[in-house]
1. With point charges of +1 on the Cβ of Lys and Arg and -1 on the Cβ of Asp and Glu, referenced to the Cα centre of the protein assembly as shown, which listed residue (A:Ile154, A:Ser486, B:Phe13) lies farthest in the positive direction of the dipole?
2. What lysines sit close enough to B:Lys533 to cross-link, taking a C-alpha to C-alpha distance under 18 Å and skipping anything fewer than 8 places away on the same chain?
3. Plugging the Kirkwood radius over Cα pairs into Stokes-Einstein for segment A:2-494, at a temperature of 25 °C and a viscosity of 0.890 mPa s, what D comes out in µm²/s?
4. Net charge around B:Asn444, counting only other residues with Cβ within less than 12 Å of its Cβ (Lys, Arg = +1; Asp, Glu = -1)?
5. Which value in nm describes the separation of the simple spin-label points at A:Thr111 and B:Glu211, placed 7 Å from the Cα toward the beta carbon?
6. What list of ³J(HN,Hα) couplings, whole Hz, do you get for segment B:135-142 from phi and the Karplus terms 6.51, -1.76, 1.60, once you set θ to phi - 60° and write x for glycine and proline?
7. Once the piece of chain linking B:Asp111 and B:Phe538 is laid out straight, how much longer is it, given 0.36 nm per residue of separation minus the C-alpha distance between them?
8. Which lysines have a Cα less than 24 Å from the Cα of B:Lys371, not counting those fewer than 8 places away in the same chain?
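What follows draws every value from the coordinates through simple rules; no lab data is involved. Just so it is clear, the structure is predicted and the values come from calculations on it, not from any experiment. Backbone-built Cβ (ideal geometry, glycine too); neighbour counts: all protein chains shown.
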Amino acid sequence: MLVLWLIVVLFVGGVLAGLAERVHAAASRWVTLATLVVSAILLWPLACAQPQAFESVAGQSGWLAVLQWEWIPRFGITFLLAVDGISVLLIALTIFLGFIALLSAWEEIQTRVGFFYFNFLWTLAGVVGIFAALDLFLFFIFWEIMLIPMFFIIVIWGHEDRYYAALKFFIYTQASSLLLLLSMIALVFLNWQQSGEISFSWFDLLGTKTEGVFGLLLMLGFFVAFLVKLPGVPVHNWLPDAHTQAPTPGSVILAGILLKTGAYGLLRFIVPLFPEAALAFTPYALIIAVVSVLYAAKMAFAQNDMKRLIAYSSISHMGFVTLGVFSWNALALQGTLLQMIAHGLSSAGLFAMAGAIQHRLHTRALSEMGGMWSQAPRMAAIAMFFAIAALGLPGLGNFVGEFLVLLGSFQMHPIAAILAALGMILAPVYALYLLQKSFLGEQSDTFSAHSASLFEFKAREVLMMGLLIFGLILMGFFPRLLTEYSDVALNSLQALGWGP
Amino acid sequence: MLNLLWLVPFFPFLGFVLLVSTSGKMPKPWTTMIGAGSIGLAALTTALIAYEFLSQDMTSFQLHLWTWMEAGNFAPGFSLYLDGLALSMLFVITGVGFLIHIYASGYMYDDEDFPRFFTYTNLFVAAMVMLVLADNLVLLFLGWEGVGLCSFLLIGFWYKDPANGLAARKAFVVTRVGDTAFAIGLFLLYKHVGTLDIQEAMIKAKLLWTEDNATASLICALLLGGAVGKSAQLPLQTWLPDAMAGPTPVSALIHAATMVTAGVYLIARNHELFLLSPDMMYAVAVVGVLTLLMSGFTALTQSDLKRVLAYSTISQIGYMFLALGVGAWSSAIFHLMTHAFFKALLFLTAGTIILSLHHEQNIFKMGGLVKRLPLPCILFFIGCLGLIAVPPTSGFWSKEQILNATWESSTGGPLIWLGAVLGAFMTALYTTRMFCIVFLGPSNGDVHEPKGFKFVAPLVVLAFLALVGGVFVETAWQLPLSNVFPGGHAPHPPTVIVVIAIATPFLGIAISYLFYGKRVFSAEKFANSALMKPLKTFFDSGWAMDWFYDLLLVKPYQWLAKINKKDCVNLLPDASSAAAKILHAALSMTQNGQLRLYVGVMGTAALFVIFVVVFL
């Protein structure tokens, strides 16, 4: 029940935030903040819940809350929300990054404030819905709900090339959504033929026999849809454009949360629903994973646009998710989930940093930056922190994720793991390049006009970055705080696959 | 007391946290108190722990702090493991580290970023202590990467010069190549023994594999890859000379005494694994001897004081690798320690000289300093004696052990021994050359010697250790390593071999003195002769390895990045949008609103249909 309230609160909060603009321009922000606070409070009992057995999900363990209502019985569609440790962590990440994105939007968004926060909260609501819905039809609805407000965020509040970027984002996601919908319906149909029951419930579909070419095609439909969202090479091209053109809070949500819906889809649907097909497809998926890690790292190094560089680094990091999912053992799965969360925090930090710099300098071009350390040492230290978090320094969250994924995948696919590990060499090349071009080196003329006091981070930004830094350090030293939640859920998920 | 072992990494880490959280706004004396004091407290804790550990004759002590990560059966802990090897390393890190911090509080005092310096060095010491105290390889890797980060930060400490930034990135990326090999080694080890706990893994490895097992050799090779990266050995040594861009106390602390010896520690820590693979032991010895020869030749051609010392560091670590390769584990650690004494002394004294000469590092612009900087001259002389291994300085005892062991070992032998002796000869040559050029000859320019307790006291202590540290360990007090490494009989090669090894450095000193001190022969004429000139250029460039890597890796990668800046995958969506546009244009031509066209098309179509219906 709580999950439903959580989603409802976000939807209603969005409408209220939109209306609040009529009272006062700043009111929307405060309504959004209140909405996020309420949803965080609602999340709390869910996070403290113990796994229990639910009637509606017989034979499955690790579920914390399940809600199933009749919806369209004729087609076996139910309103099914089910939450396990994996979902709780990702919902918590969503709410947490909601606060971060709000802080980054606080001053940047000055036009059509009410409509912005409406879109903002509806995107979050859609994402929370994706992490909770286990009826495939409902999942698809949330998948679409998340997309449209994000499109508006890019197209209305974006930068110079926003129309192109928003359209590209929309077409990529929409085309892949269609693929997802068709595959879902075909899967349900297949299950109907086999069992005589029509159902869109993930739990009911688990038993579907999906061998053979048809199973492979269905799996590919799901896979491509999620790969676009993740994104992986070669369907990644929407991301650098969308990220670069989106306003800062948009980038934070995109990188931090939206990409994770693709990762979550890979984790939740591919192997459990199509074990045989996924196994057959594994070599190709590994190629995609490795190419994503290395190619995107190389692309990141080539960029002059700060946000583009970070966007490509995101693609590189998400390659580890594909690698982890198709290794499907305890180490790799645990690592995949941690990688998703850690990347959410570190990329949010990097994008917020890029946004803050653009806000001050009115440029994202690295060639026009340099030597900003002496202007803004605090900002520089924070940028340094996120850069080294991104390159996977032990003691910070990203390392734990990457290390576990690599360690786990090495047990199954040593060659792929070794090739992906080369990303460890390429990551510092672009991360340190970014640092050198922006904060180190000789001072550039671009910001000699800015006095240090104007340039340095303000309290609001320090709070925003401080929260992310705290999260990454906590994850780096005490990842068990998170894995204790996900352990049971990942174990029972793993049992659905082929792994040893 | 032993339960307080966690305080050793904690004090420096606390210092780091305090310095970061005040973001350099504290008064300078406080910064010194925290920055150097934290290392002092760590040294004190180490001393107390050592007293208890040694007086109780313990073999090892384990302290579990918390479980770090957990997935399946994999649950490495934040756990500390203390044994004689870790303790010996702690002496060097906290003891020599503390002396260097005192010196640095004077050396760096006038720098505008004084607090930032101590922030980094405190984090460094914390990471280095974690590295040696880690009870599992994942935690060791944490320390390993942590020291690498601090090395990067400190090489690029003076960030305004892009050259320093380049040197820093080079150091990080080149060592990361080794680190990646190391990480893959861990994955492979875990796959076979199912744990990364060091002691447990060693026991299981010995049960699992017999000698010459291919998998064990492969793991050793990968660990060696990590070690050569961190310890600047062939073929990954290219970063260390450039790392001299950092402040001189950093060169002493990180790039001479502690971090660069981490590779030696790694192999010593996993020696039981290496014992399973004589081939890899031999490889370690060969890497060592090739590195020490190569860098010895290069050191002879350098003109920057710090770069001479950097190449000599590479060369001395080569001796440590040689010792590891021939199974003289204790001697490697012994040399690590004596090297820390005399090399830290040399670097810090070089720092004093460089400060006195207004940041002049070119040895050919020094000269005649013996009269004008008498105290640094004496100290530097002592350091040089240690480096050349003149008896009875500390360097002599450790190097002699290594040479003797090399002669007798099955993975060493006369040829390797010959290389090592030639290396000792080269060491004497370039050290004497450096000393003569800097201190003898005509003097030029004025000097401003920095004075005070902070500049003198650490140097005197280090000089004392460099002089008698070796003889002390050799006769009075053994390093607590007998419980760690397999015992063997002390090597006793034939007397003539021992005599040759001891006498060779003196020959080197004599020849070098004739060239650079007495100037009986002209070094310039010799170097510029038709035969030697290309050779000199070749040595001077570090055997053209930078050029080679540039050509093989750096340039192609940059080229690849440049030509594909726009991302060729983007052609796919762009092509589809172009196709849509063409289709759009073609179709919209059919609806141009001109009645003529519509009638024409309709008429033609009607005729066509009639034609089809009637005639076909």
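1. So the residue furthest toward the plus end is A:Ile154.
2. Cross-link targets: B:Lys525.
3. 109 µm²/s
4. Charge balance near B:Asn444 sits at 0.
5. With each label placed 7 Å out from Cα toward Cβ, I get 7.9 nm.
6. So the J values, rounded to whole Hz, are 9, 9, 6, 6, 5, 4, 5, 4.
7. Full extension of this stretch gives 150.0 nm more.
8. Answer for B:Lys371, where 24 Å is the Cα cut-off: B:Lys306, B:Lys343, B:Lys451, B:Lys454, B:Lys518, listed by chain and number.
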